[in-house]
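What follows is one structure encoded as structure tokens, with my remarks underneath.
Please treat every number below as a calculation from the coordinates, not as lab data. Note that the structure is a prediction, hence the values are computed from the model and not measured. Virtual Cβ from ideal backbone geometry, glycine too; neighbours counted across all protein chains shown.
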Amino acid sequence: MKVSVKEWTAILLLTAGVAMAFIALLLPPPGEIHDSVLYVFAQILIYSGTVFGLDSYFTKKISNHYDKREEK
């Protein structure tokens with residue numbers, strides 16, 4: 001299984017987003033995450049979901065299309 005650059009960046013950003021959220025819990029005031037951290041984390045989740053979800057969806061659709069063309 002070959003991992004593309006898009007998938008590596010999604011994994012890296014997701015890891016960084018989770019780490020950023022945990023670090024924000026430790027900063028003053030403890031136990032509270034600032035809105036800017038939540039906004040950046042939401043953007044990271046959207047990007048990662050797009051890369052993993054849409055990319056795999058369209059890859060399967062395209063491969064199914066080519067498989068059906070070859071059967072004819």
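Just need log10 I(q)/I(0) for the stretch 5-71 at q = 0.22 Å⁻¹, Debye formula, equal scatterers on the alpha-carbon atoms, no solvent, rounded to two decimals. Once normalised to I(0) and log-transformed, intensities are -0.87.
Fully extending the segment from Y57 to E71 would add 2.9 nm, taking 0.36 nm per residue of separation and subtracting the current Cα-Cα distance. Highest GNM mean-square fluctuation among F52, F41, F22, for the chain modelled with Cα contacts below 10 Å: F22.
Cross-link partners of K6 among aspartates and glutamates, defined as those whose alpha carbon lies under 16 angstrom from its own and excluding same-chain residues fewer than eight positions apart: D55. Farthest towards the positive end of the charge dipole of the stretch 15-72, among the residues S63, L27, G53, is the Cα of S63, using unit charges on the Cβ of Lys, Arg, Asp and Glu. Compared with the dominant principal axis of the Cα atoms in the chain, helix 5-26 is inclined by about 20°.
What is the helix-to-structure angle for 35-49, meaning the angle in degrees between its Cα long axis and the longest Cα principal axis of the chain, kept from 0 to 90 and rounded to the nearest 10? Once rounded, one gets 10 degrees.
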